[in-house]
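Every number in this text was worked out from the coordinates using simple rules, so none of it is lab data. These figures come from a predicted structure and were not determined experimentally. Heads up, the Cβs are rebuilt from the backbone with ideal geometry, glycines too, and the neighbour counts pull from every protein chain shown.
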Amino acid sequence: MVIFLVAGMGLLLWAGFILSDVPFYRLEKVQTDNVFYENSSKEKSVLEEGSIVSVDEIKNYFLFTNAGNSYKRWFNEKIKEGHIEYSDKNRKYLLINTTQHFNELLFNDCELRFCYQHKIAFEKIPSIFWKGLIGIEDYRFLNHFGVDFKSILRAIVTDIIKMKFAQGASTLTQQLVKNIFLTSKKTIGRKLKEMLLSVYIEYRLKKDDILEAYFNEVYWGSLQGVQIKGLHAASVFYFGKKPDMLMSYEAAILISLLKGPGYYHPIRHLDRLISRTKAVYNRLIELNLFSRKYSRVWTDKDWSRWSRNLEQKNSLRPYNPFSYTNEWESDLLSYFENYLIYKKAAFVLSWISETFGYEDIAVKIIMGKPYSNIKEMSYYSKFERKKDVAINQERHQVGSILKPVIYSIFTRKGKKLSDIVSTEPIALELKSGRWSPKEAHKNLKKEVTLSHALMKSYNRPLIRLANEIGFDIIEKELVRYIPDLKLPLAEYPSQMLGAVELSLKQIYQLYALFIREECQRVLFLKDSYRTYDSPLFLLSNPEQTTISKVVEKEMGGMRFFGKTGTSNNGHNNWFVFFDGSILGVIWVGYDGDRTGKGFTLYGSTTAFQIYQHFFRDRGRRFNELTCENYVGSSRDSD
């Protein structure tokens, strides 16, 4: 008797210990569709009148909002009413005729990185799923209390015959427990925990609550580098639809995948999935969940088209940015703009990988409105590393992006951008030896204006001008922008050509000062310092600067300050920009060991492309470069 009492007490203690350590909050019932904007000051996404947006980007984003209708229906309504229209003959872009507001962005409930999950209430789960799954996986679900002993006995017999764990006999409740709280490891201890927790959950929750939790938590495989959790995510990633818009055969495919998302993967093992779907579909017909007469069975052509589409999206990864929406912390951009900047960066990285085969290439971005209370937006493509360190501490050789600042100093020392300067070779006698700046350009004119030298980013004219003015004079000005400049400048003149390392945050702060001072001079010294005297405005015509060969038609007519830079044999590629409102720095470069060969990458073909495609497609009218709206341009800002 004592032995049984002790054993019983031990069992209760074990059960208590197991139950006390389980995060049951994850089974809480979904009350409403949780949206990302709740309790957020961020502006809801908007498409401004007169802007142009990419059809694909709008379609992708629309899918992750809480819009009650489909994108196709929304699109047809807006086209019919004249609110939007195609802006090109290829129908890739839309012209927004009247301002359009998006629905709220749905919240990503998954706590893991590269994972997407959006929980939905039981009432929003189409009955074909829970009825079908019960009929296929656990037909005694409505009657058992979490554990089906008949199935267990059958499985034990099978396991003994085969001398291994061949059948699990898991109920849907047990599968839920395994998905949320346990591992898939097949041991007696884990199975006992699974059974205990299943019984407890059946005691605490109603059957429909268990089904709701199951369809929100179950793992449905991975696509586009994202783990897919729950029915909503599976419907979106596999079919580009929300659950209530799925056709019956599409539902059968998703139910079939649950048996083993990896084993039946539609890209790697399509034949297996086709075979299982046929069996599941026939079973759903037997359960009278829909009529064969009113449902369409997929043909081989349907299967092939669907698999190719998934493979293409696996490469382009259009839904991948939504797997880390919780990291879009800045109020600078709307959520649509946040999605877009992540997407454009990923596209450039994919292009570099596919075109050149370069590995370990990364993107870093910082954007903000200097001297305002709005937090800067930052992005780093290497999510496994610390973003703050990458943006604020890690330094890269800056290349020619310093030149506008240098020329601004020249103009303060009496030079005019219309002055003439020689492009002939120049040599300086330094303590380290004789030094001559190299020139990347060939067949130069013997003399050019300062403005031409800056727009084309020549090296020799800059050094010649600094030598004429005096390196000590330039040094006193330049240390205000770069406090840790290597001194004396006269012995290290290559720093003015970009042989200095700075972090993205330092460059952002450097340019914030540069723009403020240039704007103050333009606004308050109009009689003696006009816009054509300013390096800030000189570099505002993209059709005349270093990006002239790569700027597209839509952006070519816009006016924005922009400066590219490339250094260290293509390991660092830059674009610094200012459109009168937003200042930003974009870096695309190599994050690995730089002792090897260089890269045929340039700021104009990498960093600038991210800027160009983002500002083209973000659904905002483009800001014309001006100082009037620039925070920090007033006299009181000093």
Open item on the list: Relative contact order for segment 46-101: what percent, with Cα pairs under 8 Å and sequence separation of 6 or more?
Closed with: 55 percent
Open item on the list: I'd like to compare 466-477, 424-435: which one has the highest average count of other Cβ atoms within 10 Å, and what's the full order after that?
Closed with: 466-477, 424-435
Open item on the list: Report D for segment 46-101 in µm² per second (integer): Stokes-Einstein, Kirkwood Rh on Cα pairs, 20 °C, 1.002 mPa s.
Closed with: 188 µm²/s
Open item on the list: So for each of 214-222, 497-505 I average, over its residues, the number of other beta carbons within 10 Å; can you give me the resulting order with the highest mean first?
Closed with: 214-222, 497-505
Open item on the list: Suppose each label sits 7 Å from its Cα in the direction of the beta carbon; what would the L142-T99 distance come out to in nanometres?
Closed with: 5.2 nm
TODO: Starting from the amide H of K119, placed 1.01 Å from N in the peptide plane, find each other amide H under 5 Å away whose residue is 5 or more places distant or on another chain.
DONE: D109
Open item on the list: I'd like the FRET efficiency for K131 and N69, computed as 1/(1 + (r/R0)^6) with the beta carbon distance as r and R0 of 25 Å, rounded to 0.05.
Closed with: 0.45
Task: Within segment 196-326: Cβ-based charge dipole about Cα centre, in debye rounded to nearest 20 (Lys, Arg +1; Asp, Glu -1) - done: 380 debye
- [ ] Compute the distance in nm between two label points, each set 7 Å from the Cα along the Cα-to-Cβ direction, one at R268 and one at R292.
- [x] 3.4 nm
Task: Within segment 481-497: backbone nitrogen closer than 18 Å to the E429 label point (7 Å, Cα to C-beta) - done: 490-493
Open item on the list: If you filter segment 355-385 for trypsin sites (Lys or Arg not before Pro), then keep DSSP loop positions with at most 15 other Cβ within 10 Å, what is left?
Closed with: K375, K382, R385
Open item on the list: Net charge within 14 Å of R621 by Cβ-Cβ distance, Lys/Arg positive one each and Asp/Glu negative one each, not counting R621 itself?
Closed with: -3
- [ ] With unit charges on the beta carbon (Lys/Arg positive, Asp/Glu negative), name the residue among P126, G50, A67 whose Cα is farthest towards the positive pole of the charge dipole of segment 47-130.
- [x] P126
Open item on the list: Just to be sure I understand the model, the point goes 7 Å from the Cα along the line to the Cβ. What's the resulting K387 to N76 distance in nm?
Closed with: 3.9 nm
Open item on the list: Which of T277, T531, T299, T65 has the fewest other C-beta atoms within 10 Å, and how do the rest follow up to the most?
Closed with: T299, T531, T65, T277
- [ ] May I ask you to sort C519, C115 by Cβ crowding, counting other Cβ atoms within 10 Å and putting the fewest first?
- [x] C115, C519
Task: Net +/- balance of residues flanking E477 in space, Cβ distance below 11 Å, scoring K and R +1, D and E -1 - done: +1
